[in-house]
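Chemist: Below is a structure I'd like to ask you about.
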Amino acid sequence: MKMNRIVVATLLITPLALSACKKKASGDPAGGDGGFAVPVVAVEAQRQPVSETLTLVGSIAANEMVEVKAETDGIVQDILFTEGQAVEKGQLLLRLDEAKFAAALAEAEGNFKLSQANYDRARQLFKDHLISQQEFDQSAATFDVSQATVELRRRDLKDARIYAPFSGIIGARFISPGQVISRTTLLSVLVDLDPVKVEVNVPERFLSQVRIGQELELSVAAFPGRKFRGKVFFIAPDVDPATRTALVKAEIPNDKHELKPGMFANLDLTLTVRDEAVVIPETALVFQQDKINVFVVGPDDTVQPREVAIGLRMPGKVEIIRGLQAGEKVVIEGTQKVTPGGKVKIVNS
């Protein structure tokens, strides 16, 4: 009886085992790793323009800026500008008391007339051989000196009026009517704010990628979230041996006068632009020691790891400079589950 029971149990187990083997061999999805398709999210590598930028800190400077001072000593008579006023080139800003300058000019003109008469007389006498060469030379020299003195006194009178050397915004005034000033007295400051310049020191290793006309973006603390754009117009011909940097200047339009000289600026200097770069999501990268791989989905829905070289990193994306072509599909979710040569099922939403 025991022997019969063993034989029956063996006969029952054998058909079940054969059935399981047939299911496994037939590629049933439930039947082993060889036929199981792993659900993944995959996308195609895209071509898009990317730009490589260098982030630096610079400072903003005025297009033109000058301290307004008088060219002569004197007494302030009239102040013809308002602080913060927009002025035009050649506009009269301030006038000194002209009385003493006018008197000095009148005196010089009188001396000039006398010296001219003496010179004309001496010239005729010398022509008639009635005076010596020395006497004639002294008369001619006196005439030249008096003529130069007249020009000097005219310039002194002109210097009693201070004009704007260029168009811009006049700053605060530091003098009052009736004040005695000298050549060193600061009267005000004149600033041209459109455009402004941004000055930045670029490390020497990047100088080969900087060129005239290159575009840049900058931001300032006063306007968070705003981007101001400009172009490079100057690259210093030398490198500072102490810092190993070169001065670079760019011009920024500033018609609303929002940017002020002295502001700190955070700059993004565009070094290179690649119009046809291959770009994939950063989540597709698989790091293995010193290698970077991606899982590429083939036409038969199998995946294979492929080593790639990356270039520029962007928010959520990365440039592939070697190892992948545009249009190839890479796994971006589910890379932990796939195996080389394994089947996948793309379940992108």
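Chemist: Determine whether segment 112-120 contains at least one residue that is out of contact with any helix residue (DSSP H, G or I) (no Cβ under 9 Å at 6 or more places or on another chain), free of Cβ contacts under 8 Å to residues at least 24 places away in the same chain and not in a helix (DSSP H, G or I).
Modeler: The answer is no; no qualifying residue exists.
Chemist: In this structure, is Phe234 surrounded by fewer than 16 Cβ atoms within 10 Å (Cβ to Cβ) and in contact with a Gly (Cβ under 8 Å, 6 or more places away or on another chain)? Talk me through it step by step, then tell me what you get.
Modeler: Values: surrounded by fewer than 16 Cβ atoms within 10 Å (Cβ to Cβ): yes; in contact with a Gly (Cβ under 8 Å, 6 or more places away or on another chain): no.
Spelling it out, it is not the case that Phe234 is surrounded by fewer than 16 Cβ atoms within 10 Å (Cβ to Cβ) and in contact with a Gly (Cβ under 8 Å, 6 or more places away or on another chain).
Chemist: Which condition breaks for Arg313 when tested against (1) touching a helix residue (DSSP H, G or I) at 6+ places or on another chain (Cβ under 9 Å); (2) surrounded by 14 or more Cβ atoms within 10 Å (Cβ to Cβ); (3) part of a strand (DSSP E or B)?
Modeler: Against the list (1) touching a helix residue (DSSP H, G or I) at 6+ places or on another chain (Cβ under 9 Å); (2) surrounded by 14 or more Cβ atoms within 10 Å (Cβ to Cβ); (3) part of a strand (DSSP E or B), Arg313 comes up short only on (2).
Chemist: Grab the strands (runs of 3 or more DSSP E) fully contained in segment 147-254, keeping just those with 3 or more residues being more than 12 Å from the chain's Cα centre (by Cα). It would help to see each step written out before you state the result.
Modeler: Details: elements: 161-163, 168-170, 188-203, 215-219, 228-235, 245-252.
Answer list for segment 147-254: 161-163, 168-170, 188-203.
Chemist: Can you list residue pairs whose Cβ atoms sit under 9 Å apart, with the first residue in segment 35-49 being modelled with pLDDT of 90 or more and the second being surrounded by fewer than 13 Cβ atoms within 10 Å (Cβ to Cβ) and hydroxyl-bearing (Ser, Thr, Tyr)? Count only pairs 6 or more apart in sequence or on different chains.
Modeler: Cβ pairs passing all conditions: Val41/Ser349.
Chemist: Still on this structure: Could you please find all residues in segment 236-248 being farther than 22 Å from Lys260 by Cα, of a type in the set (A, V, I, L, M) and touching a residue at least 12 places away in the same chain (Cβ under 8 Å)? Steps first, please.
Modeler: To start, the set of residues in segment 236-248 that are farther than 22 Å from Lys260 by Cα comprises 236-246.
Imposing the further condition that a residue be of a type in the set (A, V, I, L, M) reduces the set to 236, 239, 242, 246.
Within segment 236-248, Ala236, Val239, Ala246 meet the criteria.
Chemist: Oh, and also: Only residues in segment 211-225 that are under 14 Å from Val198 (Cβ atoms) and assigned by TED's automatic domain parsing to the domain that holds Ser59 count as the first member; pair them with residues that are charged (D, E, K, R) and part of a strand (DSSP E or B), Cβ under 6 angstrom, at least 6 apart or cross-chain, and list the lot.
Modeler: That search, which allows pairs on different chains as well, returns Glu215/Lys231; Glu217/Arg229; Glu217/Asp268.
Chemist: Residues being farther than 28 Å from Ala106 by Cβ, among the hydrophobic types (A, V, I, L, M, F, W, C) and out of contact with any Lys or Arg (no Cβ under 8 Å at 6 or more places or on another chain): count how many of those fall in segment 152-174.
Modeler: First pass over segment 152-174, keeping only residues farther than 28 Å from Ala106 by Cβ: 164-174.
The next check asks that each one be among the hydrophobic types (A, V, I, L, M, F, W, C); those that pass are 164, 166, 169-170, 172, 174.
Cutting the leftovers down to out of contact with any Lys or Arg (no Cβ under 8 Å at 6 or more places or on another chain) gives us 169-170, 172, 174.
Of the residues in segment 152-174, 4 are farther than 28 Å from Ala106 by Cβ, among the hydrophobic types (A, V, I, L, M, F, W, C) and out of contact with any Lys or Arg (no Cβ under 8 Å at 6 or more places or on another chain).
The values are calculated or read from the model by the stated rules, or taken from the named source; none is laboratory data. As the structure is a prediction and not an experimental result, all values here were calculated from the model. All Cβ positions, glycine included, derive from the backbone under ideal geometry; neighbour counts span all protein chains shown.
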